[in-house]
1. Wholly within the stretch A:208-298, which helices (runs of 4 or more DSSP H) include no fewer than the required count, namely at least 3 residues that are of a type in the set (A, V, I, L, M, F, W, C) and at pLDDT 85 or above?
2. Which one is nearest to the other protein chains (Cβ to nearest Cβ) among residues in the stretch A:124-136 that are over 11 Å from residue A:166 (Cα atoms) and of a type outside the set (Val, Ile, Thr)?
3. Evaluate the following for residue A:326: is it farther than 26 Å from residue A:423 by Cα and either part of a loop (DSSP other than H, G, I, E, B) or of a type in the set (Asp, Glu) (or both)?
4. Restricting attention to the stretch B:45-71, which residues are in a helix (DSSP H, G or I) and either more than 16 Å from residue B:358 (Cβ to Cβ) or basic (Lys, Arg) (or both)?
5. Evaluate the following for residue B:75: is it surrounded by 14 or more Cβ atoms within 10 Å (Cβ to Cβ) and either touching a strand residue (DSSP E or B) at 6+ places or on another chain (Cβ under 6 Å) or modelled with pLDDT of 95 or more (or both)?
6. Quick one: in the stretch A:112-123, of everything that is more than 10 Å from chain B (Cβ to nearest Cβ) and not in a helix (DSSP H, G or I), which residue is farthest from residue A:166 (Cα to Cα)?
7. Residues in the stretch B:259-274 that are assigned to a helix (DSSP H, G or I), without any contact (Cβ under 8 Å) to a residue 60 or more places away in the chain and either under 29 Å from residue A:168 (Cβ atoms) or more than 24 Å from the chain's Cα centre (by Cα) (or both): how many?
Amino acid sequence: MEIVRSQREPTHSAASTTSAKLSFYRSAPALEVRLEDFELYAIDRLRVLQGISDGLSRGKKPEEMEKLVLLLSTSPPRDELRKWFLSMETSLFRYRFRLESPESQRSLMSEFQLPYKAISRAEFETVKEKLNQVARSIGQPLNADTLFFKAPFEEVPELFAGRRVFLQKGFAYVAMHQVVSLVATQFRSNLSKCLVLTNRKWTSTIRDTERDRLAPIIEALSTGYLGPDYSQPKNSAEISLKDINGQASSSFPLCMRHLFDKLRETHHLKHGGRMQLGLFLKGVGLRLEDALLFWKSEFSQKVLQIVGAERFDKEYAYSIRHNYGKEGKRTDYTPYSCQKVISSTPSTGDHHGCPYRHFSEENLRAALTKMGVCGRSVDGILDKVRNKHYQIACTLTFEAIHDAPYDSGINHPNQYFDASRKILQNKMEST
Amino acid sequence: MSKDENLVEDEMQIDQHDSDRPQKNVPDGFSEDYLKVYYGKLFPCVDIYRWLSYGNDGKHPACDQSYFGRREFSFTLENDIYLRFLSFNNVVEMESSIRKKCPFKIDIGPVYTVDPAKRRAYAQGGNNVFSPIERELVFDIDMSDYDDVRYCCSGADVCLDCWPLMNVAIKVLDMSLREDFGFNHILWVYSGRRGVHCWVCDGRARRLRDEQRASIAEYFHVNKGGENNAKKVNLTGAVLHPFLARSYTEVLKDSFEKKMLLSQKLFASEDRFQKILQIIPDDSIASELLDKWQGNRRSSISKEDVNVSRWEQLKHVLQSGKHKVQGLRRCVEEIIFTYTFPRLDMEVSKHMNHLLKAPFCVHPKTGRICVPIDPNDCDDFDPTTVPTLSQLIEELNMSNKRSESEEDWERTSLRKSIEIFRSFLSALLKSCKKEMNSNVRQSTDARNW
């Protein structure tokens, strides 16, 4: 892996150095790195990526970018990690590409051998009217300096399928902002291929020689980072059964509160809900024995009577123990992050998922009011929801309830819980 | 003539039901014997071979001798016996196989990486070396997909009142394939009963991957929405995309207002005009018009056709600008698009390995030949007078060869069709030769452009 050292270059750098700044991963890099550097860069990079993740959930973009290129060989087969990495890197690339000047963007595209050619002034004049028509037809009117590129139609299937570009004699006329999308897609696919290739190299050759040196670092990075994943809850956050009710109403995020309330109300939850809530409680510090008692007592009113103690132990208790890594392949499952919760697909009879995404506006308003959020804040939250900023909406809820700002942005239900406990404890201690 | 009667007799004996009725079930003389004569004397096998070779059947050093042999054909024999993954190394093999097996239907598939007959040898190792590598871009338009907007016929039938919808499809697509996508070698073929097929044969088209084919089909996809959607066309946006605008002004508008409106009597009865009113997103306008027309039992003194006058009224109300309702802006266009815009079978176009019936096949249910259609002349095409198998055999029998060099089809009604095909073919082969000469390999990525 070739690591490029961070260079503090003046911002008006010549176009020739741009390829050093923005790699396009056309081929898997050769491997040459100093171990200590590797760890530093890796942590640095992940911090940047996490920063983006936080920043995006808070609606902000990071100010400073480090010029590091790190390929995580993703030896732990966590698909989620790889997907997250690809998304973040692509966002980073897209952001940085947009920052470049138009000339630099054009030269980057030709350097990366992307098949888009800028069109001349003269050609633009001949197709201007049609380009305008297309722009108006998709509700994205042109302004005076919208740049256009030309590419064979084969290159831009998604764009012409939706009639979002003008086609003439086999060529598509693509506007600048559309190009960025395409470039980003290409970047992502190149990076993905690179990861695969590097992983293959890693598993086939590096493992043996570098196992003792690199492997522990990679493992630690991939499981330890991404922010805490709450699989090993801190003692101070341990929750006991008698506290659970109180803490549910004060410190659970809406998604978990809803599940908890439904469980109390109907004495049953379907599988998706049991997983989401159960793992959350584990992350919060509920011990296995307490968890078993908790679920059993909740289910006793309905399910237990129907299925009987023996079957309950067999099926439900088994799966609770499974979640804690005490059964089967003994994987200690990690509580769901916001990303995972948001991407669930609850259907009839389900209560899991992200309420900001999966509730109707009416239901969401009612739920937030029940939580104690005032009317004006609810409006602000619903506005974010309409724009699909679910995590920002949750953050605003947090801030409204705790009457305190929360700049990091919510990425994980357990993060919400921990932050809430912290504020409440501080309040208690100060009084 | 008695010979023909005997043939028909033989057929009828198989089916007890029809033994006392004149041949109702057997369409105009479709029989295996006729088919044999057709394949022996009329079916343009050599022309089809030359077409599908795309110039590789020559002596040019750039010719790929294996090309034709890697093309898949399929035969449907009598009794629905279906033979797939057939291939032929040369025209002699192809012709003799067709004459021997006498298929009721011949389908053309893609060109594969290897001879399809040997595909199993390459299937080992999981490394899929047997895959389609070239295939014409094809479209299939079937009149039964228009059943909700035509009242003259339904299902398998077509007539001169609804056939103009096919002409609309041909014109809109042909224009777009040439103007927008830059294709030049496009063959339109009558499907034999109720539709048309389109074969785009440019090299660039043949090398398209599945995803790109799906995107092209989607580009042409305007009538959407399933059972529960009364409104299948949604033209959002301040203006229409140039492709839609051009289709509208050059083909759709006139076709609707001058042909379909009248031939289908779209406003003549309540259930018909209700269908159109359902497309209007504003209930008050729709009911205003409904009242007006329902009460109009005695038509006014005006000699104007009721369909024309009601359409004018509707347009006036929608375009007057009096009603400031969202979604009314393009309502007139949406109605016209709903009733005329081409409806493709998306699945046919999306996959390289889709098999499509060959031109000049005989349709077993109608006996009609699947003849090419000249897109520049399509308004004159009449599906009800397309030559049938028995008609051609009769023509052959009734006439004599006029000269030694004359081909048999020249003295039948098939002549014009073969001439259309040959003119398409010569233009195509000329361009194939040019491509070989300049040795430009247009890769699917086209990164060298």
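The values are calculated or read from the model by the stated rules, or taken from the named source; none is laboratory data. What you are looking at is a predicted structure, and each value in this text was computed from that prediction instead of being measured. Ideal geometry is used to build each Cβ from the backbone, glycine not excepted, and the neighbour counts take in all protein chains shown.
1. So the answer is A:254-266, A:271-284.
2. If we take residues in the stretch A:124-136 being over 11 Å from residue A:166 (Cα atoms) and of a type outside the set (Val, Ile, Thr), then A:136 is nearest to the other protein chains (Cβ to nearest Cβ).
3. Answer is yes for this residue.
4. Residues satisfying the conditions are B:50, B:69, B:70.
5. yes
6. This residue is A:112.
7. 5
Here is a yes/no grid of residues against (1) touching a Cys at 6+ places or on another chain (Cβ under 8 Å); (2) at pLDDT 95 or above; (3) not aliphatic (A, V, I, L, M):
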position: B:358; (1), (2), (3): yes, yes, no
position: B:386; (1), (2), (3): no, yes, no
position: B:390; (1), (2), (3): no, no, yes
position: B:403; (1), (2), (3): no, no, yes
